[in-house]
Amino acid sequence: MVAVVQEHMTISRVWPYWLAMMVAAPVDAQLPSNSVPVFIQDERVLVGTYRYVERADGMKVTVRLNADHSALYHITSGEADADFMKAEGFWTLAGDVIHIHNRPSPVRLEQVPNPVRDPAIGLSVTVVNADGTPAEGLGATWPESNGLFAMSDGRHSASVEELGDAARFSVVRLSDRKVLTVVPLGRGGPNSFRFTYHPSDVEPFDIPAIALDPRADRLEVEIGTAYAKLDRVRD
């Protein structure tokens, strides 16, 4: 399963800002609209091809959900239908939300030996890539944290009060919530940790969609920080 993004030099002139943003940063799988999804009892109803066409800009968004659960998410531009983004993967139905996602290649997070204790903080987590640059797209969490905290410049820290009595913390890949490591914490033990991140060659994606009618003749699909309503293509 692969995801290929092709960006054109004219993106700022031709494409809306929200579409430009989708190649700049990963987006959580959550539709930004207020539409009410329709619960689909038989997922076979969803099988088919859906399309949205923006005539003014020549943009086309095509989603294909196949019976074998393979999927295509394809955005083209202009009269020649030049590829802007093409993602091939598989689709699942969880509750009333359709997810178009992939199976990314292996990922590793290696803990640097000999973590230390810093009495001034509750927890410090630093993650860098193999070349020493700050890792991106990761978060930290722990029991009773009430959230998953995105790392800034590969770092996250928490005060003693924020950490509370947590006995462990986790480092998580934000795009698919994959837990990369769980590290135990001991009272009076190390609380400042460093890791080296080896990301997947193909990063995960999770594109949500919802059906807007019982026959699934129209889907609402996330596109960057916005959404589009795609109509079923009839043969």
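Things to note:
- Boolean, residue 69 is within 21 Å of residue 235 (Cα to Cα) and either at pLDDT below 95 or surrounded by fewer than 16 Cβ atoms within 10 Å (Cβ to Cβ) (or both): yes
- The sole residue among 96, 131 that is exposed (fewer than 14 other Cβ atoms within 10 Å of the Cβ) and not assigned by TED's automatic domain parsing to the domain that holds residue 190 is 96.
- Selection over region 176-217 of residues that are within 23 Å of the chain's Cα centre (by Cα) and in contact (Cβ under 8 Å) with a residue 40 or more places away in the chain gives a count of 22.
- Subset of region 156-176 [over 19 Å from residue 203 (Cα atoms), touching a Pro at 6+ places or on another chain (Cβ under 7 Å) and charged (D, E, K, R)]: 168
- Residues satisfying the stated conditions in region 182-208, i.e. hydroxyl-bearing (Ser, Thr, Tyr) and outside any loop (DSSP other than H, G, I, E, B): 192, 196, 197
- Those residues of region 162-175 which are surrounded by 15 or more Cβ atoms within 10 Å (Cβ to Cβ), over 19 Å from the mean Cα position of the chain (by Cα) and in a loop (DSSP other than H, G, I, E, B), in sequence order: 166
- Selected residue (only one of 62, 76, 126 is closer than 26 Å to residue 170 by Cα, polar (S, T, N, Q) and touching a Phe, Trp or Tyr at 6+ places or on another chain (Cβ under 8 Å)): 126
- Selection count where residues are under 15 Å from residue 192 (Cα atoms), of a type outside the set (Lys, Arg) and either out of contact with any Leu (no Cβ under 6 Å at 6 or more places or on another chain) or assigned to a helix (DSSP H, G or I) (or both), scope region 112-161: 20
- In region 218-235, residue modelled with the highest pLDDT [restricted to those that are β-branched (Val, Ile, Thr) and under 19 Å from the mean Cα position of the chain (by Cα)]: 221
- Here residue 222 clears all of (1) surrounded by fewer than 21 Cβ atoms within 10 Å (Cβ to Cβ); (2) touching a residue at least 24 places away in the same chain (Cβ under 8 Å) except the condition numbered (1).
The values are calculated or read from the model by the stated rules, or taken from the named source; none is laboratory data. The model shown is predicted, which means the values in this text are computed figures rather than measured ones. Neighbour counts are summed over all protein chains in view; Cβ atoms, including those assigned to glycine, are modelled from backbone coordinates with ideal geometry.
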